[in-house]
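Asker: Have a look at the structure that comes next, please.
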Amino acid sequence: MDLLNAVIALANFVIIPAIAYGSQLALGALGVTLIYGILRFSNFAHGDTMAFGAMITILITWWLQAAGVTLGPLPTALLALPFGILGCIALLVITDRAVYRFYRVQKAKPVILVIVSMGVMFIMNGIVRFVIGPDDQRFADGERFIISAGTFREMTGLAEPLAIRTSQGITLVTAIIVVVVLFWFLNRTRTGKSMRAYSDNEDLALLSGINPERVVLYTWMIVAALATIAGVLYGLDKSFKPFTYFQLLLPIFAAAIVGGLGNPVGAIAGGFVIAFSEVTITYAWKKVLTYALPESMAPEGLVQLLSTDYKFAVSFVILLIVLLFKPTGLFKGKAV
Amino acid sequence: MKKLLMATAATALLAGAAQASEVKIGIILGFTGPLESITPHMGAGAEMAMKEVTDSGMLLDGMTVTPVRADSTCIDAAAAVVAAERLVTADGVKGIMGADCSGVTGAILQNVAVPNGMVMISPSATSPGLSHANNEDNGLFFRTAPSDARQGVVMTEILLEEGITEVAVSYVNNDYGKGLADSFQAAFEAAGGKVTINAAHEDQKADYSAEVGALAAAGGQRLVVAGYVDGGGSGIVRAALDTGAFDSFHFPDGMVGAKLEENFGTEIDGSTGQFPGTDSPGAASFQDLVGDSFDATSAFAPESYDAAALIMLAMQAAGSVEPGDYAAKVMDVANAPGEQIFPGELAKALEILKNGGDIDYVGATAVELIGPGESAGNYRQITFEGGKITTVKFR
C-alpha cells in the first residue's frame, strides 16, 4: 500500500505534469527543428509565433463563448484552434514574403537569418502585446478535471491524491495525433518527401524539379499549425501571457538541440528529456521516499537537488552538456 | 506712489510676520514609481491634517503649517536621499512625513534624518529591518504602519488558536514576501509550531506545479501564501488545489482581496487570513471627514493623516517646532494616558496640550506606538465561509 502511495505521489507531481509539459515542448521543438532542417536557420521568433497563434485562438474563443457556442466538457478553444492556425499561417506567410524571401534570394548566411528572426521576434512580440496586452488571459472553460484529487481519494481510499486535468489529457491526445499526422505527411506524401529531399540536399532537390518556393510555403504552414497548437495547449494547461511564451524559447531550443536539430524524432525525445529533467531535478523527493523506504530510512530533509527557482537553469545545463559531448544531439541531427 | 510704497511695505511686513509663524513639514512619498497610484491619496491625507491644524490656529499660538512635497520614487534610494536633503536644507522643514517604501525609508533615515537630527514618521514602511531596537535612529524614526514582524506574530496566534501546528510557507520572492515569511517562521517556531518548508515563488509565472510539488512533499496542515492575490499567490493556490496538495490556506495582507473570492469561491472554505484593519470609530470618522476630496479607503491614506497629526501634536506638546525638542514627545501624544483623540479633533487636542493636559491620539488607525516607535498594528482576522470573506474579529 505504501509503495502504491509513493507511485501515486510521483505520478501526481512528476509524471503527469512532465508528460503534459513535455508534449508542449515537443510540439514547439518540432516547429523549430523543421525550420532548421528545411530553411536552415534557428528561428528565434518561434516563441512569439506560438503566442500569436494562441492569441488569435483566444480572441475567437472569446467570440464563440460570447455567442454561446461551447464544446460541452471540452474547452471551446479546440473549436477556435483551426481559425488560430489560419491566422498564424497568414502571419508567417506574410513575414516570409516580406522579410525572409529577400534574404533567401540573396543566399544570405544562416547567421544573418538568425539575426533577422530576432528582429521578427521583437515585432511579433509587439503585435501580440499591442492586441491582447501583456497580462494574463484566461480562456479555458469546460470540465476542469478528468479525475479530481477529491474524487480519486474517495474512489481508491488512498492517502495520496491523483489529479488529471482535462487540459493535460487533451495535450497528450492532441500531441499524439499531431505527431502521427506529421510523420505520415513527411514519409508518405509527395509534398512531404519533397520537403525531406530539399532538407537533405538542396541542390539535388532543385535539379530533380522540386519547386523551392512551394517547399518553403508548406514548411511555414506546418510550422504555423504546430506553433499554434503548442501555444494553445500551453495556454490551456497553464495560462496565456506573452512574456512566458518568450521565455519558453529556451527550453524549446534546448529540446530541439538535445534531440538533434533538424531531426523530428529527436525534437520529440528532446522535449520529454527536458521536461522530465526540469521536473525531477527540482522535485522534493521526501514524500515519495518516505512511502517507498522502510521507516528507519525515511529522510528528514526535503531531498531536493535544486530549488525550483533554478528550473530554467536545468535546460541550460543539459544544453551545455549535449553541445560539449554530442554536438549533433541524441538522434544525429545537424551539427550546430 | 506713496500709497503704493506704503502698501508694499505693509505687505512685506505682514508676509514677514507670517513667515515667522510658519512651520514647514515635508511629505516625501513615491509620487512616481510602483506606488504612484496610492501616494496621491496618502499625500492628501497628510495635507488634510496640516490644513486642519492651520485652520484651528491653535498650534503654538497660531502658527500655520505648510506642506512641502518631495518624490521618494519608492525604489531609487539615491534620488530619494537627494529629495529629502533638499527638504531639510533648502526648504527648511521641521519634520518629515514619509517615506513610503521600506528601502528608500531606510536610506533617507541613514543619510538625511539621522545626520540632520530630523524626525521622520513613515505611514507605510513595514519592513522588520526598520525596527531600531538599539536606538540606531537616535529616537528620530517612527511609523504609523505596523512592522511585518508584528504580522508574523498575529498569524502565529491565529493559526495556533485554530489548532494548526505544522504549516508549509510559500512567499513571493521580494523584500515583502521574504521579510514576512521569515518573521512568521521565527514567531511560529518560537511558539512551538513547525514550518516544514519556507520556499520562494517568483511572481507572475505561468506554471507553479514544480513549486507546489516541493510544498506538497514537505507537507503541513495548511499552506501559508505570503504573496500577491493578483500575481503568483493565486497561481500557487490554484496549483495546490488542482493537485490536491493542500485544501486550506492562510492568507496574509497581500492575498486578502475581492479577487480571492472571485478566483476560488467555496474551494478554499475553512481557510484563514488577516490584514490591517480596525473597528475603531476613528476609521469611520476619518471617512466622513474626507468626504469626496480623495479616496479615504485607499491603502495607507489614514496612516498618512495620523503620521502628520502626530508630528504637529508632538510639536505642541513640546512647545517647540525643533525636531530635537519634540522627538521625545511623539510617543507621549500617541499613547495613553490622556483624552482620546479621533480624526477631526486636532483642534481639541492642541487645546488640551496647550493647557498642559495629556492626550492619547487614536486617529484613523487606532494608533498605539510600541517598542522603538512603531504602530502595534491592528489586524482584521478573516475566514472563508461559503466562498465569502467573513470577519472573525479584530486583534
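Residues are listed down the side, and each one gets a yes or a no for (1) crowded, with 17+ Cβ neighbours inside 10 Å; (2) at positive phi; (3) within 14 Å of another protein chain (Cβ to nearest Cβ):
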site	(1), (2), (3)
A:63	no, no, no
A:75	yes, no, no
A:87	yes, no, no
A:107	no, yes, no
A:114	no, no, no
A:130	no, no, no
A:133	no, yes, yes
A:138	no, no, yes
A:141	yes, no, no
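Asker: Now a separate question. Can residue B:363 be described as part of a loop (DSSP other than H, G, I, E, B) and more than 14 Å from residue B:279 (Cα to Cα)?
Answerer: In short, no.
Asker: Residue B:157 versus (1) within 30 Å of residue A:289 (Cβ to Cβ); (2) away from chain A (no Cβ under 12 Å); (3) modelled with pLDDT of 90 or more; (4) out of contact with any His (no Cβ under 7 Å at 6 or more places or on another chain): which is the lone unmet condition?
Answerer: (1)
Asker: Sort through A:50, A:55 and tell me the only one that's part of a helix (DSSP H, G or I), at pLDDT 95 or above, in contact with a Phe, Trp or Tyr (Cβ under 6 Å, 6 or more places away or on another chain) and crowded, with 24+ Cβ neighbours inside 10 Å.
Answerer: Result of the check over A:50, A:55: A:50.
Asker: A further question on this structure: Just checking: which of the helices (runs of 4 or more DSSP H) contained wholly in the stretch A:145-202 hold 1 or more residues that are more than 11 Å from chain B (Cβ to nearest Cβ) and touching an Asp or Glu at 6+ places or on another chain (Cβ under 7 Å)?
Answerer: By residue number, A:166-188.
Asker: In this structure, is residue A:119 out of contact with any strand residue (DSSP E or B) (no Cβ under 7 Å at 6 or more places or on another chain) and surrounded by 13 or more Cβ atoms within 10 Å (Cβ to Cβ)?
Answerer: So residue A:119 fails the test.
Asker: Further question: From the residues in the stretch B:254-293 that are farther than 22 Å from residue B:395 by Cβ and β-branched (Val, Ile, Thr), which one is farthest from the chain's Cα centre (by Cα)?
Answerer: Only one residue tops the list, namely B:266.
Asker: Determine, yes or no, whether residue B:103 is within 19 Å of residue B:331 (Cα to Cα) and not aromatic (Phe, Trp, Tyr).
Answerer: Criteria not met by residue B:103.
Asker: Return yes when residue A:246 is surrounded by fewer than 23 Cβ atoms within 10 Å (Cβ to Cβ), closer than 22 Å to residue A:86 by Cα and at pLDDT below 95 and no when it is not.
Answerer: yes
Asker: Another question, if that's okay. Hey, could you check the stretch A:73-105 for residues that are touching a Gly at 6+ places or on another chain (Cβ under 6 Å) and in a helix (DSSP H, G or I) and say which is farthest from residue A:126 (Cα to Cα)?
Answerer: A:84
The values are calculated or read from the model by the stated rules, or taken from the named source; none is laboratory data. Everything numeric in this text was worked out from a predicted model, so none of it was measured. We place every Cβ from the backbone using ideal geometry, glycine too, and count neighbours over all the protein chains shown.
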